[in-house]
Amino acid sequence: MSHQTSDNTAKWLEIAAAIILSLASLLTAWSTYQAAQWSRTQSVKSNGAVTKMVESTQLSTLAGQDTLVDVVTFTNWLEAVSTDNQALADFYHQRFREEFQPAFTAWLALEPLKNPDAPPSPFAMPAYSPANRQEAAARQAEAGELQVEGRAAAVNAELYVRNTLFLASALFFVGMSRLFSFIRVRLVLEMLAAILLLVGFVNALTLPVV
């Protein structure tokens, strides 16, 4: 009777080992796939962030060039006005960049030569906001968002890789259990494998997927 009970227990342990082995293998494949997908996402986000930063730098350079043109033409206009050369002042005024005109008009309306509270130049006016400068800031913000998303993807990839370690350990213990003929040893090893499998299963359910 005891021998029959031992045989039945061994049979159930074999069935349990087969189930643990199957589930652990499936979850390992899933975790490996998700780790690869998150790594790919991290790479895409990081590359996108670099591209956005390059675009932001280029736009910042263009914005600097635009501002330089505005400063030069405004300075020349100011010099012409100070020397009462209206024709030359009109000449430079007509050559102001379109983006500079609203800020200049708003600044001039404040009568800066008479009003001590007026901003020192049109460049200090809220209306002065070159499009390239705004685009550069927008690209930089997008790059920041992509960097955050890339870091999150890297963390998720690492978590899935870590999950494969739990599942690999489950596979190891269930494989080791088959090397022993002692029922208690097999039972302990399979219980350890089952616990590790449960941890891997919970992780697979709770971790974000691509």
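The values are calculated or read from the model by the stated rules, or taken from the named source; none is laboratory data. Predicted model, so just to flag it, every value in this text is computed and none were measured. FYI the Cβ positions are ideal-geometry reconstructions off the backbone, even for glycines, and counts take in every protein chain you see. The protein model used for the area step is the full one, side chains on, heavy atoms only, and it has no ligands, DNA or RNA in it. Shrake-Rupley method; radii C 1.70, N 1.55, O 1.52, S 1.80 Å.
All but one of (1) open to solvent by 60 Å² or more (accessible area, probe 1.4 Å); (2) over 30 Å from Val209 (Cβ atoms); (3) of a type outside the set (A, V, I, L, M); (4) part of a helix (DSSP H, G or I) hold for Asp84; which doesn't?
So Asp84 meets the others, but not (4).
Could you pull out the residue among Tyr92, Tyr128, Tyr160 that is touching a residue at least 12 places away in the same chain (Cβ under 8 Å), of a type in the set (Ser, Thr, Tyr) and under 30 Å from Gln42 (Cα atoms)?
Just one listed residue meets the conditions, Tyr160.
Only residues that are within 22 Å of Thr61 (Cβ to Cβ) and surrounded by 12 or more Cβ atoms within 10 Å (Cβ to Cβ): list them for region 96-120, please.
Phe96, Arg97, Glu99, Phe100, Ala103, listed by residue number.
Can you name the residue in region 1-48 that is at pLDDT 85 or above and among the basic types (Lys, Arg) and, of all such residues, is least open to solvent (accessible area, probe 1.4 Å)?
Among those residues, the one meeting the criterion is Lys45.
Considering only region 182-198, I want to know if a residue exists there that is within 22 Å of Leu59 (Cβ to Cβ), without any contact (Cβ under 8 Å) to a residue 60 or more places away in the chain and among the β-branched types (Val, Ile, Thr). Steps first, answer last, please.
As a first pass, look at region 182-198 and keep what is within 22 Å of Leu59 (Cβ to Cβ): none.
For region 182-198, residues within 22 Å of Leu59 (Cβ to Cβ), without any contact (Cβ under 8 Å) to a residue 60 or more places away in the chain and among the β-branched types (Val, Ile, Thr): absent.
Restricting attention to region 141-149, does a residue exist that is within 30 Å of Trp38 (Cβ to Cβ), among the aliphatic types (A, V, I, L, M) and either surrounded by 13 or more Cβ atoms within 10 Å (Cβ to Cβ) or over 42 Å from the mean Cα position of the chain (by Cα) (or both)?
So far as region 141-149 goes, yes, one or more of its residues are within 30 Å of Trp38 (Cβ to Cβ), among the aliphatic types (A, V, I, L, M) and either surrounded by 13 or more Cβ atoms within 10 Å (Cβ to Cβ) or over 42 Å from the mean Cα position of the chain (by Cα) (or both).
Specify the residue that is farthest from Asp66 (Cα to Cα); the eligible residues are those in region 130-140 that are of a type in the set (S, T, N, Q) and open to solvent by 50 Å² or more (accessible area, probe 1.4 Å).
Per the criteria, the residue is Gln140.
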